[in-house]
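Peer 1: Here's a structure for you.
Values quoted throughout were computed directly from the atomic coordinates according to the rules given, and no laboratory measurement underlies them. Predicted model, so just to flag it, every value in this text is computed and none were measured. Glycine also receives a Cβ, built like all others from the backbone with ideal geometry; neighbour counts cover every protein chain displayed.
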Amino acid sequence: MNTPTATPANDGIARIGPNSILRITEVLQQQIGEAQTLALYQEVGLEGYLTDPPQNMVDERDVITLHQQVRRELGLLQAKEISWQAGLLTGDYLLAKRIPKPVQLLLKILPARLAGQILLKAISRNAWTFSGSGQFRIEPGQPVRLIIQNNPLCRGAEADRVICDYYAATFERLFRTLVHKDSRVTETECEAMGAAQCVFEIRVEPINEQL
């Protein structure tokens, strides 16, 4: 999930920000070591991302392949933990590199409801950088719902639980830092479980204000 530095490409290839690969790589190397990480990437022909880490938007198909491979090789539970940690790191990257400090300071002093509305608009505006060929929308309410249909991160997957922890963790890190420290993001529906869309509910507790 990156703040865009360019407009979407018009070559017909869906792309996603490089954090969806870079942060997964970082967590994998920490948890299973560089040698096993290399082997995991080599099995699906993605080892080039280790020798030449991406700096720009990457082909959505590579992101899909990598997330599928992590689940296949490490199992669903460990893959969920890796995805969650990678999402937190993505949130940290956005806070450090992409969201201007004056904007962050402003959001932190605004009432949670107003700060949340501003952050949601920014997420929606930049949705093309993280949802690829999926369709993103926001449903206001209590709680507010972020929805990704045709979600690339779980495309083709089947699971008995929600698996889009990368997105949930990234959203939660941003909301906890910029809106309210008790914000919580939970995926309540997942296409991997047969749902029509992936749904992430945002609750700002204990105030639980409508965003």
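Peer 1: Among 16-29, 67-80, how do they line up by average Cβ neighbours within 10 Å per residue, starting with the highest?
Peer 2: Details: 16-29: 23.1, 67-80: 17.6.
So the order, starting with the most tightly packed, is 16-29, 67-80.
Peer 1: Based on DSSP H runs of at least 4 residues, each adding -39500 (n - 2.57), what is the mean residue ellipticity at 222 nm of the chain after dividing by all its residues, to the nearest 500 deg cm²/dmol? Numbers along the way, then the final one.
Peer 2: Details: 9 runs with 101 residues, N = 211.
After summing the helix terms and dividing by the residues of the chain, the value is -14500 deg cm²/dmol.
Peer 1: Still on this model: Between the range 102-134 and the range 56-80, what is the C-alpha centre distance in whole Å?
Peer 2: Cα centroid to Cα centroid, the span is 26 Å.
Peer 1: Step through the residues of the range 144-154 one at a time and calculate ³J(HN,Hα) from phi using the Karplus curve (6.51 cos²θ - 1.76 cosθ + 1.60, θ = phi - 60°), rounding each to whole Hz and writing x for Gly and Pro.
Peer 2: Calculated HN-Hα couplings, in order: 6, 10, 9, 10, 10, 9, 6, 5, x, 5, 10 Hz.
Peer 1: Right, another one. If I stretch the segment between Asp182 and Arg113 completely, what's the gain in nm (0.36 nm per residue apart, minus their alpha carbon distance), one decimal?
Peer 2: Working: separation 69, 0.36 × 69 = 24.84 nm, distance 1.32 nm.
This chain segment gains 23.5 nm when fully extended.
Peer 1: Are there any helices in the chain, counted as whole DSSP H runs, that stretch 24 Å or more along their axis by Cα and score at least -0.5 on average by Kyte-Doolittle, and if so which? Show your work: numbers first, answer last.
Peer 2: Details: long enough: 76-93 (25 Å, 0.05).
Helix filter hits for the chain: 76-93.
Peer 1: Where does the chain land on Rg/Rh, using Cα atoms and the Kirkwood Rh? Let's see the in-between values first.
Peer 2: Values: Rg = 16.6 Å, Rh = 17.4 Å.
A ratio of 0.96.
Peer 1: Continuing with the same structure: Please list, in chain and number order, the residues 5+ apart from Glu189 or on another chain whose amide H is under 5 Å from its amide H, with Hs placed from the backbone.
Peer 2: Those qualifying (amide H under 5 Å, at least 5 residues apart or on another chain) are Val199.
Peer 1: Suppose each label sits 7 Å from its Cα in the direction of the beta carbon; what would the Asp92-Glu73 distance come out to in nanometres?
Peer 2: 2.3
Peer 1: Also: Sorted from fewest to most neighbouring beta carbons within 10 Å, what does the list Trp128, Trp84 look like? Please list the in-between numbers first.
Peer 2: Numbers: Trp128 20, Trp84 17.
In order of increasing Cβ crowding within 10 Å: Trp84, Trp128.
Peer 1: Another question, then. Name the residues of the range 179-195 whose amide N is less than 19 Å from a point 7 angstrom out from the Cα of Arg145 along the C-beta direction?
Peer 2: What the label zone holds, given the 19 Å backbone N cut-off, is 184-195.
Peer 1: Based only on other Cβ atoms within 10 Å, what is the fewest-to-most ordering of Phe175, Phe136, Phe200?
Peer 2: Neighbour counts put them in this order, fewest first: Phe136, Phe200, Phe175.
Peer 1: May I ask you to sort Thr37, Thr65 by Cβ crowding, counting other Cβ atoms within 10 Å and putting the fewest first? Present the calculation step by step, with values, prior to reporting the outcome.
Peer 2: On the way: Thr37 21, Thr65 16.
Taking fewest neighbouring Cβ atoms as first place, the list is Thr65, Thr37.
Peer 1: Right, next: In terms of Cα to Cα distance under 20 Å, which aspartates and glutamates are near enough to Lys108, apart from those fewer than 8 places away along the same chain?
Peer 2: Reachable aspartates and glutamates: Asp92, Glu172, Asp182, Glu205, Glu209.
Peer 1: I want the local charge near Ile147. Using Cβ-Cβ distances under 12 Å, sum +1 for each Lys or Arg and -1 for each Asp or Glu among the other residues.
Peer 2: Numbers: positive: Arg137, Arg145; negative: Glu139, Glu187, Glu189, Glu191, Glu201.
Neighbourhood net charge equals -3.
Peer 1: Could you list the trypsin sites (Lys or Arg not before Pro) in the range 113-211 that lie in coil according to DSSP, counting only those with at most 16 other Cβ atoms within 10 Å of their Cβ? Walk me through the numbers on the way to the answer.
Peer 2: On the way: sites: Arg113, Lys121, Arg125, Arg137, Arg145, Arg155, Arg161, Arg173, Arg176, Lys181, Arg184, Arg203; in loops: Arg155, Arg161, Lys181.
Sites meeting the loop and neighbour criteria: Arg161, Lys181.
Peer 1: Classify the range 1-103 as rounded, prolate or oblate, taking a ≥ b ≥ c as the square roots of the eigenvalues of its Cα gyration tensor: rounded when a/c is under 1.5, otherwise prolate if a/b is larger than b/c and oblate if not.
Peer 2: Values: a/c = 2.01, a/b = 1.35, b/c = 1.49.
Oblate shape, in that a/c is at least 1.5 and b/c is the bigger or equal ratio.
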